[in-house]
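The next block holds one structure in the form of structure tokens; read it before the comments.
Please treat every number below as a calculation from the coordinates, not as lab data. These numbers come from a predicted model, not from an experiment. With ideal geometry, Cβ positions are generated from the backbone for all residues, glycine too; neighbour counts draw on all protein chains shown.
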């Protein structure tokens, strides 16, 4: 019979078992500190919803400009182009705009991810863009209660 | 300390390797589908745990998915199956670290079980490339059982983490989270064009039911983490767990999770084979039917099949001798079979209760008969 290279000897087996269990316990315990609790096996952790409305701050205007369907016409250095949130963000939760959506992996987790998505999007705006930043106004409902509106923003640097 | 050195039959671990390989194939296939639908994650917004420079290019990503699929297929075939599962699961975990948006509890769990199975002696049976002689002889199937114990620990850890996090959450404990889940399920059913009857809608909208359901789910998850380890509670824990996962499968989108837990439960099945005996009178239709049924559905090789001795033929045409030597006859036979055959396992408590009731009725009749006899 061919002996598999993964056939560990007795001492290595014990080391493997100990290391595996310790690492897994550390991963599970530390998941509590991650906003979306990834790698924590926290199944169905919340029944919260988010309703994301996107706006942009435009140079020379005081009022925020809404982003219908997540897209807008950007003017930079004479060039006009249409930029779209949905072309960059494909996540099933973060790409749903103006619709109440189940906040998979928890409200805190989705707000955390949304902030990073805003930063990412703004960081990729073309040089000289008239868009100074994005603002997400998020209507949140934690487990059907405690309705709140959270404002997240990302500014171009 | 027996755990550290003991060696036991690896036959069932081969079955686990094969089934985990199938599940991993399905999962990788789904990722190819996602690639078609969503596009390459690295070209869009993604959140890597690893440095951005480690995130593979589109071409490399496709190669990695191909290698993961190949590893899973080797796991199914059994030819370098353990190595295949190790490569497949390692690639899967690495890709998960390349984008936390692609994290799903069920996918992570599958990858972990594949990883652990690679270190189990799961290359001694269900070697499909060997054809009908897929299993090695018993003496060669013996292998260290410690990695299987680690797989059992992983199952417990999963239940502890899931149940524990719910227990610590007042909305989960109180039933609010589950009440909303029920409502979402009803809305989805209505959207899918299958509205439920009013009384069902009313029933599922009751806060008391949601509260009770939450407490039951938390208690079950926490108790499964321990009850699966205790020989006296194991069989009932496996049954309750199977029902629990079937309910989840029916009510939520959990991809392969229910199937995965069904496979993971094999780690708790006694590794030794043919410790029970099915005795049949092949002259009777019932005897022949029982023999065929067990031959077809005894996937865990629990039974040895023997001819019923002529001296026992008048006590029924089928008998099951258990591990401890106890013999089940008559109405106790379905329970004894259902307990050991996966295909009938869900019916085991019903069969056992029926057998118990009939045994009690019989003993009552005997008592009445003896007390009514001539004094």
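The long axis of helix A:107-123 is offset from the longest Cα principal axis of chain A by roughly 60 degrees. Classify chain B from the C-alpha gyration tensor, please: rounded if a/c falls under 1.5, else prolate or oblate depending on whether a/b exceeds b/c. It is oblate, given that a/c is not under 1.5 and a/b is not larger than b/c.
Quick check: the distance between the Cα centres of segment B:284-310 and segment B:313-364, to the nearest angstrom? Each part reduced to its Cα centre gives a spacing of 14 Å. The calculated FRET efficiency for residue B:94 paired with residue B:33, based on their beta-carbon distance and R0 = 25 Å, is about 0.80. The stretch between residue A:157 and residue A:59 holds 33.9 nm of extra length on full extension. This uses 0.36 nm per residue minus the Cα-Cα distance. The distance separating the Cα centre of segment A:96-110 from that of segment B:193-261 comes to 25 Å. Using C-alpha pairs under 8 Å with a sequence gap of at least 6, the mean separation divided by the residue count of segment A:48-155 gives a relative contact order of 37 percent.
Take each peptide in B:263-270, B:2-9, count the other Cβ atoms within 10 Å of every residue, and average; sorted highest first, the result is B:263-270, B:2-9. Counting, for every residue in A:17-30, the Cβ atoms of other protein chains within 10 Å of its Cβ and taking the mean gives 3. By definition, a body whose alpha carbon gyration tensor gives a ≥ b ≥ c is prolate when a/c is 1.5 or more and a/b is larger than b/c, and segment B:113-174 fits this prolate description. Computed packing ranks the peptides B:43-52, B:66-75, B:315-324 as B:66-75, B:315-324, B:43-52, most packed first, by mean other Cβ atoms within 10 Å.
A helix-only calculation puts chain B at -20500 deg cm²/dmol for mean residue ellipticity at 222 nm, using -39500 (n - 2.57) for each DSSP H run of at least four residues, averaged over all residues. Sorting the segments B:252-261, A:22-31 by their residues' average number of neighbouring beta-carbon atoms within 10 angstrom, most packed first, yields B:252-261, A:22-31. Across peptide B:151-157, the average count of Cβ atoms from other chains found within 10 Å of a residue's Cβ is 2.
Adding -39500 (n - 2.57) for every DSSP H run of four residues or longer, then dividing by how many residues chain A holds, sets the calculated 222 nm ellipticity at -9000 deg cm²/dmol.
Relative to the longest principal axis of the Cα atoms of chain B, the long axis of helix B:146-168 lies at roughly 80 degrees. Taken residue by residue and averaged, Cβ atoms of other chains lying within 10 Å of the Cβ of A:113-122 number 2.
Could you please rank B:204, B:247, B:228, B:110, placing first whichever residue has the fewest other Cβ atoms within 10 Å of its Cβ?
Working: B:204 18, B:247 13, B:228 22, B:110 25.
Starting with the residue having the fewest Cβ neighbours, the order is B:247, B:204, B:228, B:110.
The fewest-to-most ranking of A:48, B:57 by surrounding Cβ atoms within 10 Å reads B:57, A:48.
May I ask for the angle, rounded to the nearest 10°, between helix A:10-31 and the longest principal axis of chain A, with both axes built from Cα atoms and the value confined to 0 to 90°? So the helix axis and the longest Cα principal axis differ by about 30 degrees. Put in line by how crowded their Cβ is, counting other Cβ atoms within 10 Å and starting with the fewest, A:36, A:119 read A:119, A:36. If a/c stays under 1.5 just call it rounded; otherwise compare a/b with b/c (prolate if a/b is bigger, oblate if not). Do that for the protein assembly as shown, with a ≥ b ≥ c from the square roots of the Cα gyration tensor eigenvalues. Here the protein assembly as shown falls in the prolate category. Across chain B, the mean sequence separation of Cα contacts (distance under 8 Å, 6 or more residues apart), normalised by length, yields a relative contact order of 15 percent. For segment A:23-73 and segment B:17-94, write down the distance between their C-alpha centroids in whole Å. Using only Cα atoms, the two centres lie 26 Å from each other.
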